Structure formats: C-alpha cells, structure tokens
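One structure is given here, and the rest of the page talks about it.
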Amino acid sequence: MMKRLAILSVAVTVINIISAVSLGAQGAQQRQGRGRQAQQVPGVSGVNGDDPAVTPNEIQRMFDAYAQVQAQDQLHLNDDLYARFLVRFKSLQEVRRRSLQEHTRLVGELRRLLMQGQPDEAQLKERMQELQEVDSRAVADVKKAYDGLDQVLDVKQQAHLRVFEEQMERRKIELITRARQVNRLKQQQ
C-alpha cells in the first residue's frame, strides 16, 4: 500500500509538471499575442519569462516516471507482478537513455571533427566505428531488456506494452515540441 502511495505521489508530480509545460506553451502564445506582456501564474514554472525553461531531458525523465506509473493500469498488472515488471521496465528505460547519450555524444564528436577545415579521416573512421559499435550494442541491450520484460508478462500484456510505449513516445514528442516552442518564444522576448 505504501509503495502505491509513493508511486501515486510521483504520478501526481509528473502530471503537474507536464501540465506546467502545456500551460507554459499556452502562456507564451498568449504573451506573444498581447505585445509580449508576461503573465505570472502562481506555482507554475515556465509560464513567465523569469522561470527556467523545461528541457527535453527533463521531459524524458518525467515521462519515464509517468510511464512507470501508468504501465500498471495499461498492462493490467497486479501488485506482485508490477513489482517484478517495474525493475525490468526501469532497466529498459536506463538502457535506452544510456544508449542515446552515447550515440549523441559520438555524433557530436563527428560534427566537431567535420567542422574542422580538413577533418582527420582516421579520427572520423574511428568515431564511425565507435558509433556502429554503440548502436549495435544498444540493439542487443534493448532486446535483452525486452526479453527480461517478456519473461514476466503474458502475450497480451506484451502486446499492451508495445502499444503503450508507442503512445507514450508520441505524447513525449508532442510535449518536447511544446517545450521547444516555449523556449524559442522566451528567447525572442
């Protein structure tokens, strides 16, 4: 029971933050339409020009926590199964996050090398090889994480998980787009 209350608390916090992103986008649009007058909304970060912008990484962390909470209902998991599922689901999320960070880091290094007047082909080749290894390892690690999840889920729950993850990814992209719009509007002001 305490675990469910803790999870519910996280869910409420995540939902409030997601709402703040949405309100931030609406507030920024309203300010732009009113000659850039800032409107303060008490308790909601990201709405007036003085508040820090929500970054895509923050949204990703929020969505991971939100997905962890929503998964129990979406997959129709009882408390015992949810406890086993959650450990494996968090592992999948961590594998994805770590793989994306490594991929992004290497692409950044490639970009930096390419911006040099005459890029060193040996360094480019080395980074490209590293990138291929990171991407190959990511595919294997994600498959391993899914295999672990599939061990605790029945076939119907596995299908629900795949559909649920796709829905969450679409929602995340929508919110990241809104956050970026808010950030751009703040920079223009």
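Points worth noting:
- Just so you know, in segment 140-154 the residues that are closer than 14 Å to residue 85 by Cβ and assigned to a helix (DSSP H, G or I) include one that is most open to solvent (accessible area, probe 1.4 Å), and it is 151.
- Some residue of segment 74-97 being open to solvent by less than 90 Å² (accessible area, probe 1.4 Å), over 30 Å from residue 183 (Cβ atoms), assigned to a loop (DSSP other than H, G, I, E, B) and modelled with pLDDT of 70 or more: yes
Residues are listed down the side, and each one gets a yes or a no for (1) modelled with pLDDT of 85 or more; (2) open to solvent by less than 60 Å² (accessible area, probe 1.4 Å):
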position: 12; (1), (2): no, no
position: 26; (1), (2): no, no
position: 33; (1), (2): no, no
position: 47; (1), (2): no, yes
position: 61; (1), (2): no, no
position: 69; (1), (2): yes, yes
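Conditions tested, residue by residue: (1) closer than 23 Å to residue 153 by Cβ; (2) of a type in the set (A, V, I, L, M).
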| site | (1), (2) |
| --- | --- |
| 80 | yes, no |
| 88 | yes, no |
| 92 | yes, yes |
| 96 | yes, no |
| 106 | no, yes |
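- Condition check for residue 56: modelled with pLDDT under 80 and open to solvent by less than 60 Å² (accessible area, probe 1.4 Å): yes
- In segment 124-139, of all residues being over 26 Å from the mean Cα position of the chain (by Cα) and not charged (D, E, K, R), the one that is least open to solvent (accessible area, probe 1.4 Å) corresponds to 124.
- Of the residues screened, residue 103 is not one that is part of a loop (DSSP other than H, G, I, E, B) and either modelled with pLDDT of 95 or more or open to solvent by 90 Å² or more (accessible area, probe 1.4 Å) (or both).
- Output for segment 155-189, where each listed residue is open to solvent by 30 Å² or more (accessible area, probe 1.4 Å) and over 24 Å from residue 74 (Cβ atoms): 180, 181, 183, 184, 186, 187, 188, 189
- Among the residues of segment 108-119, those identified as open to solvent by less than 80 Å² (accessible area, probe 1.4 Å) and either out of contact with any helix residue (DSSP H, G or I) (no Cβ under 7 Å at 6 or more places or on another chain) or touching a residue at least 40 places away in the same chain (Cβ under 8 Å) (or both) are 108, 116, 117.
- Selection within segment 63-111 - of a type in the set (A, V, I, L, M) and within 19 Å of residue 160 (Cβ to Cβ): 67, 69, 71, 75, 77, 81, 83, 86, 87, 92
- Checking 109, 169, 174, 133 one by one, the residue that is among the acidic types (Asp, Glu) and farther than 28 Å from residue 59 by Cβ is 133 and no other.
The values are calculated or read from the model by the stated rules, or taken from the named source; none is laboratory data. Keep in mind the model is a prediction, meaning the values are calculated, not measured. When we count neighbours, we look across all protein chains shown, and the Cβ atoms used for this are built from the backbone with ideal geometry, even at glycine. We work out accessible area using only protein heavy atoms, side chains counted, and drop any ligands, DNA or RNA first. Shrake-Rupley method; radii C 1.70, N 1.55, O 1.52, S 1.80 Å.
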